[in-house]
Amino acid sequence: MPLSMSGMPLTKFLLQEQRKHADSSGSFTSLFSDIIVAAKLISRAVNKAGLIDILGAAGGKNVQGEEVQKLDEFANTAMLHTMELSSFVLGMASEEMDDIVKMGGPHSRGNYLILFDPLDGSSNIDVNISVGTIFSILKTPNGHDGVTEKDFLRPGVEQVCAGYVLYGSSTMFVYTTGNGVHGFTLDPSVGEFLLSHENIRMPERGKIYSINEGNSAYWYDGTAKYIEKLKSNGSGYSARYVGSLVADFHRNLLKGGVFLYPADKKSKKGKLRLLYEANPLSFIVEQAGGMSSTGDNRVMEIVPEELHQRVPLIIGSKADVQEAVGCWRAAQ
Ligand code: AHG
Ligand code: MN
Ligand code: MN
């Protein structure tokens, strides 16, 4: 089958982007190519999960106190091993690891840090519902030696790149480096991610809201009033909640809508993690014309205090997020 003409391979797109920066050393492009390899390895495992012994719990709990699934572990290892081969990564931080992993060494020439959620939506793995990988890339000062956890605790506005891979009906790779948001679809017949969604723009307002209504007993008034408004007759909004942040986020990115995992009386800081869930998706949403807030603050301006810090998250179409934030603040 001829190579699909529907879009440029991601690796070529990256080189084209690199050429726009005369001083570019090519280290970012090389690092990114290693992330693409990890994405393909995880996609292959996800797509065959039922046929190989990779479903179910791996045994043990992670730093979040959550049951680690075999695919969580596989995805985490795939990211670590591919990035270890890259001489441009100084360190990594994962949802699945208590502490950072230092990767500098005599051969290392780079100054990039990678923060990632190797598999987002783990509760959906065994029931064949879309899951994802989320990553965020920071840069340390040149000539930096001996990376420490402190180097990772930087506000989202300092990210140089953010992206996710969605293992859905097709596998998609979506990322931004601050020059718009671009989406690529994996063509398994050639093993390449091909450009399918150039310069994604999020609709100013959607008709979809995503929230776990099972938590409504714990909602603060600001959340309850906003959701009640969306459910009032004639609002025209529909509820869609997959239980995989990447899947809910991606649908809302393309169709418009708002995702909320707010602070509530049970989880006062919300559930989602700042460094490798909220920040990367916030970079993407702002680059696509959307908005991301905790209700009180712009997510990307939060100065992290700890690696696995959780934050409330209201993210999506600008008009919808503004309304949700308006209800939240009016109830304070
Ligand atoms: P992870 O699987 O990486 O722990 O993330 C799960 C997150 C997110 O993907 C999803 O939106 C949310 O947890 C669902 O939480 P609830 O089941 O509490 O609604
Ligand atoms: Mn997650
Ligand atoms: Mn995860």
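The values are calculated or read from the model by the stated rules, or taken from the named source; none is laboratory data. Quick caveat: nothing in here was measured; it's all calculated off a predicted structure. Here the Cβ is made from the backbone with ideal geometry for all residues, glycine too, and neighbour counts use every protein chain on show. Ligands, DNA and RNA are stripped out before the accessible areas are found, and what is left, the full protein with its side chains, is counted by its heavy atoms. Shrake-Rupley method; radii C 1.70, N 1.55, O 1.52, S 1.80 Å.
Computed with a 1.4 Å probe on the full set of protein chains, the accessible area for Ser235 sits at about 30 Å². First check a/c for the range 10-197, with a ≥ b ≥ c the square roots of the eigenvalues of its C-alpha gyration tensor; if it is under 1.5, answer rounded, and if not, answer prolate when a/b is larger than b/c or oblate otherwise. Since a/c reaches 1.5 but b/c is at least a/b, the shape of the range 10-197 is classed as oblate. As I understand it, the value is the acute angle between the Cα axis of helix 70-84 and the longest principal axis of the Cα atoms of the chain; what does it come to in degrees, rounded to 10? Result, in degrees: 40.
Put a plus charge on the Cβ of each Lys and Arg, a minus charge on the Cβ of each Asp and Glu, and nothing anywhere else: the dipole of the chain about its Cα centre is then about 840 debye.
Short-range pairs are left out: with C-alpha atoms under 8 Å and at least six residues apart, the relative contact order of the chain is 16 percent. Computed over protein heavy atoms with a 1.4 angstrom probe, the accessible surface ordering of Asp126, Asp72, largest first, is Asp126, Asp72.
For the range 208-330, rounded, prolate or oblate, judged on the Cα gyration tensor with a ≥ b ≥ c (square roots of eigenvalues), a/c < 1.5 rounded, else prolate if a/b > b/c? It comes out oblate by the Cα gyration axes. At a Cα cut-off below 14 Å, give the aspartates and glutamates reachable from Lys48, other chains included and same-chain residues fewer than 8 away excluded. Cross-link targets: Asp126.
Cut-off 20 Å, label point 7 angstrom out along Cα-to-Cβ of Ala331: give me the residues of the range 280-295 whose amide nitrogen falls inside. Backbone N within reach: 292-295.
If you count only protein heavy atoms with a 1.4 Å probe, what accessible area per residue comes out for the chain, rounded to a whole Å²? Could you put the intermediate results ahead of the total?
Details: 14260 Å² over 332 residues.
For the chain, the solvent-accessible area averages 43 Å² per residue.
Comparing Ser25, Ser136, Ser87 in a Gaussian network model of the chain (Cα springs below 10 Å), the most mobile by mean-square fluctuation is Ser25. Among all the aspartates and glutamates, which ones have a C-alpha under 18 Å from Lys40's C-alpha, if same-chain residues fewer than 8 places away are not counted? Cα-Cα hits under 18 Å: Asp72, Glu73, Glu84, Asp117, Asp120, Asp187, Glu192.
List the trypsin sites (Lys or Arg not before Pro) within the range 70-141 that fall in a DSSP loop (any state other than H, G, I, E or B) and whose Cβ has at most 15 other Cβ atoms within 10 Å. Walk me through the intermediate numbers first.
Values: sites: Lys70, Lys102, Arg109, Lys139; in loops: Arg109.
Those satisfying the criteria are Arg109.
Here the extension length gained between Ala58 and Glu158 equals 32.5 nm, from 0.36 nm per residue of separation less the Cα-Cα distance.
Take the alpha-carbon centre of the range 206-246, take the same for the range 167-205, and report the distance between them in whole Å. Using only Cα atoms, the two centres lie 27 Å from each other.
Considering only protein heavy atoms, with the full assembly of protein chains and a 1.4 angstrom probe, order Ser130, Ser292 by accessible area, largest first. Display every interim value, and only then the final one.
On the way: Ser130 35, Ser292 5 Å².
So, going from the largest accessible area down, we get Ser130, Ser292.
Here the Karplus curve 6.51 cos²θ - 1.76 cosθ + 1.60, taken at θ = phi - 60°, turns the phi angles of the range 281-290 into couplings of 6, 5, 4, 5, 5, 5, 5, 9, x, x Hz, with x standing for Gly and Pro.
Take the Cα of Asn179, step 7 Å toward its Cβ, do the same at Gln322, and the gap between the two points is 3.0 nm. Residue ranking by accessible heavy-atom surface, 1.4 Å probe, largest first, among Asp264, Asp221, Asp53 comes out as Asp53, Asp221, Asp264.
In debye, nearest 20: dipole of the range 208-330 around its Cα centre with unit charges on the Cβ of K, R (+) and D, E (-)? Could the numbers behind the result be given before it?
On the way: 16 positive and 13 negative charges, 50 e Å.
About 240 debye.
Let me spell out the model: positive unit charges on the Cβ of Lys and Arg, negative unit charges on the Cβ of Asp and Glu, origin at the Cα centre of the range 1-156. What dipole size does that give, in debye rounded to 20? Before the final figure, lay out each step's value.
On the way: 13 positive and 19 negative charges, 158 e Å.
Taking the Cα centre of the range 1-156 as origin, the dipole is about 760 debye.
When nucleic acids and ligands are ignored and a 1.4 Å probe is applied, His182 ends up with an accessible area of around 10 Å². Between rounded, prolate and oblate, where does the range 157-204 land on the alpha carbon gyration tensor, with a ≥ b ≥ c its root eigenvalues, rounded for a/c under 1.5, else prolate if a/b exceeds b/c? Note, shape of the range 157-204 comes out prolate.
Put +1 on the Cβ of each Lys and Arg and -1 on the Cβ of each Asp and Glu in the chain; which of Tyr241, Phe152, Gly163 then has its Cα farthest toward the positive end of the dipole? My answer, from the dipole projection, is Tyr241. Projecting the Cα atoms of Ala324, Ile137, Ile211 onto the charge dipole of the chain (Cβ charges, centred on the Cα centre) puts Ala324 farthest toward the positive pole. Using Cα-Cα distances under 8 Å and only pairs 6 or more residues apart, what relative contact order does the range 208-330 have, in percent? After rounding, I find 30 percent.
In a fully extended conformation the segment linking Lys150 and Gln309 would gain 55.9 nm over its present Cα-Cα distance, using 0.36 nm per residue.
The chain: longest stretch without exposed GluC sites (Glu not before Pro) (DSSP loop, at most 16 other Cβ within 10 Å), sites themselves excluded? Walk me through the intermediate numbers first.
Working: sites that count: Glu66, Glu198, Glu204, Glu305, Glu306.
By the stated rule (loop sites, at most 16 other Cβ atoms within 10 Å), 67-197.
Each residue was assigned an accessible area with a 1.4 Å probe, and for Asp151 the value is about 30 Å². Length gained on full extension, Asn297 to Asp126, computed as 0.36 nm times the residue gap minus the Cα-Cα distance: 58.0 nm.
Among residues other than Asp99 with Cβ under 12 Å from its Cβ, the summed charge is -3 (Lys and Arg +1, Asp and Glu -1).
Within the same chain, lysines fewer than 8 places from Lys20 are excluded, and of the rest, those with a Cα less than 22 Å from its Cα are Lys12, Lys139. A dipole drawn for the chain from +1 and -1 charges on Cβ atoms has a positive end, and of Asn179, Ser27, Gly121 the residue lying farthest that way is Asn179. Taking only C-alpha pairs under 8 Å that are 6+ residues apart, what is the relative contact order of the range 10-197 in percent? For the range 10-197, the relative contact order is 15 percent. Close amide H pairs (under 5 Å, H built 1.01 Å from N) link Ala58 with Val68, Gln69, Lys70, residues at least 5 positions away or on another chain.
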